[in-house]
Amino acid sequence: ELLAHRLPPADAEAAKLEWYAIVEGGHALWSGVSEPYKHVIRAFLVHFHAQILSHASERFNFKNGSIGNFFFAGSRTFFRSLEAAIFLFSRVARIPDGSHVLPAIATEERITLGAELEDGTVIKGQNQISHPPSSGRASEVDKSHDGQPPLPAPIRRVFYLSSEGSGQEHEVLPRANPRALAELERCDALVYGCGSLYTSICPCVTLDGVGETIATRSVPKIMLLNGGHDRE
């Protein structure tokens, strides 16, 4: 229940207070977690919190934040390895044996998602594309789409950007994970999970070799639709 928990979606102060109760170890959600697991999970939540505090110029908004996502982000920045973070999360979340969680991308560099609109506008960052914050001063994690303005133009394409800039001159072409490509080549069916089309699905299939491999497979291909709409 702890890793599946989300902080309050409407009140930023209430979300912050609940986060502090969790990261300090006093929240009721810890009652069902054994001491060894609590020690591991809390260590990476504390690390994630330290990363937030290190960015003194930005105010982080915890509204609707996922504790599981915060734990994963903490382990990712600690290990500086996406695969190591996936391995840890799989063990802590007790993902069943026989299940393999593989990143689609093969890089440890800091990159972000970009979108080019039909009018030439370039937007940097997943949240800015799908769930822009109500104020530019806060780092929002709230994914409620109510009241968000529509995009000024349809999306032409999505691509990856280096962390150094936001223009198309900073576009990078990360490699697809060879292990993920191998699984695509031998899978019996392909299921696209729930997620935003342009910020969850397209970034995976646009990696070099992924879309081409999928196109050659004649297996069933199934898309699970979202229960709501993102602005893109």
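Computed from the coordinates by the stated procedures, all read-outs in this text should not be read as laboratory data. Remember, predicted model here, so these are calculated numbers, not experimental data. As a convention, Cβ positions derive from the backbone with ideal geometry for all residues, glycine included, and neighbour counts pool all protein chains shown.
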Note to self: Is the C-alpha gyration tensor of region 175-223 telling us rounded, prolate or oblate? Criteria: a/c under 1.5 is rounded; beyond that, a/b larger than b/c is prolate, otherwise oblate.
What the structure shows: oblate
Next item on the list: Compute the signed sum of charges (Lys and Arg +1, Asp and Glu -1) over the other residues within less than 13 Å, Cβ to Cβ, of GLU13.
Entry: +1
Next item on the list: Provide the packing ranking of 195-205, 95-105, i.e. peptides ordered by the mean count of other C-beta atoms within 10 Å per residue, highest first.
Entry: 195-205, 95-105
Check: So what's the back-of-envelope 222 nm ellipticity for the chain, counting only DSSP H runs of four-plus at -39500 (n - 2.57) apiece and dividing by all residues, rounded to 500?
Finding: -10500 deg cm²/dmol
Next item on the list: Go from 0 up to the bin containing the longest alpha carbon distance in the chain, width 10 Å each, and give me the % of pairs per bin.
Entry: 7, 26, 36, 25, 6, 0
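Could you put LEU181, LEU190 in order, starting from the residue whose Cβ has the fewest other Cβ atoms within 10 Å?
So the residues, fewest neighbours to most, are LEU190, LEU181.
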Checklist line | Pairs from LYS38/LYS124; LYS124/LYS221; LYS63/LYS124 whose Cα-Cα separation, in the structure shown, is over 27 Å | finding: LYS38/LYS124; LYS124/LYS221
Next item on the list: Find how many whole Å separate the alpha carbon centroid of region 74-118 from the alpha carbon centroid of region 1-49.
Entry: 21 Å
Next item on the list: Could you please rank TRP30, TRP19, placing first whichever residue has the fewest other Cβ atoms within 10 Å of its Cβ?
Entry: TRP30, TRP19
